[in-house]
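Notes follow once the structure below has been shown.
Readers should treat all values here as calculations from the given coordinates under stated rules, not as data from a laboratory. What you see is a predicted model; the values in this text were computed from it and never measured. We place every Cβ from the backbone using ideal geometry, glycine too, and count neighbours over all the protein chains shown.
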Amino acid sequence: MASTPSLTLLLALVLPLIPLAVAAPEKHLVTHLPGFDGALPSKHYAGYITVDESNGRRLFYYLVLSERDPAADPVVLWLNGGPGCSSFDGFVYENGPFNFERGSTPGGLPKLHLNPYSWSKVSSMIYLDSPAGVGMSYSLNKSDYTTGDLKTAADAHTFLLKWFELYPEFQSNPFYISGESYAGIYIPTLADEVVKGGFCHSQDTEG
């Protein structure tokens with residue numbers, strides 16, 4: 001899904017604030033967002049998690065902690081569909097913590113206003129760009145951009161295992177996988193991986 005000029009500009013300004021390598025969560029902390037004045041309604045984190053060391057395949061995530069009680073509230077993984085749509089689409093246009101107002105000039109920076117209906121009011125939200133090649137997720141090996149549903153599920157499962165290692169304080173929270181559109185394929189295939197606790201080795205490229 002193509003980004004709007006305003007969204008592209010916003011991401012260009014946010015990305016330099018985000019460390020590339022997996023590190024302690026504090027190093028992934030987002031302290032402010034261009035276009036929003038004041039303190040963020042809850043803590044935000046963002047960064048990359050490597051799901052394939054040999055190929056340098058890295059998935060981008062953006063975490064919005066619950067505004068209510070992040071220690072006890074559910075953790076929700078959000079996946080946009082497409083296939084090939086960045087989950088930042090959900091963050092910007094659907095259930096994220098902000099409503100975006102068009103910039104005053106064409107291609108200008110949007111203004112961000114708090115969204116009273118954000119899902120982060122009652123849950124911590126993980127917005128995941130998946131598979132590699134979607135949104136800000138990428139691989140150093142271009143062959144990874146030929147993929148399919150089973151490989152996508154396996155990578156997302158690897159992401160979750162590493163993510164919960166990075167954020168062990170959420171391991172006992174209720175966990176849900178949600179999304180829209182083609183996520184109707186992503187969700188059950190990933191859920192199957194989670195239930196099995198293993199990985200699919202099929203080289204499915206049909207998707």
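Please compute the length gained on full extension between Leu29 and Tyr117, using 0.36 nm multiplied by the number of residues separating them and subtracting their Cα-Cα distance. Present the calculation step by step, with values, prior to reporting the outcome.
Details: separation 88, 0.36 × 88 = 31.68 nm, distance 2.33 nm.
Value of the extension gain: 29.4 nm.
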What lysines could a cross-link reach from Lys121, if we take a straight Cα to Cα line under 23 Å and drop same-chain neighbours fewer than 8 places away?
-> Lys43, Lys111
Among Phe164, Ser66, Gly179 the positive-end extreme of the charge dipole of the range 52-207 (Cβ point charges) | Ser66
Dipole magnitude of the range 5-196 about its Cα centre, charges +1 at Lys/Arg Cβ and -1 at Asp/Glu Cβ only, in debye to the nearest 20?
-> 300
Report, in whole Å, the centroid distance computed from the Cα atoms of the range 59-87 and the range 126-174.
-> 12
In µm²/s, what is D for the range 5-196 at 25 °C and 0.890 mPa s, where D = kT/(6 pi eta Rh) by Stokes-Einstein and Rh is the Kirkwood radius from Cα pairs?
-> 145
Could you calculate the contour length gain from Arg68 to Lys196, that is, 0.36 nm times the residue separation minus the distance between their Cα atoms, to one decimal place in nm?
-> 42.9 nm
Lysines within cross-link reach of Lys196: Cα-Cα under 30 Å, excluding same-chain residues under 8 positions apart?
-> Lys142, Lys151, Lys162
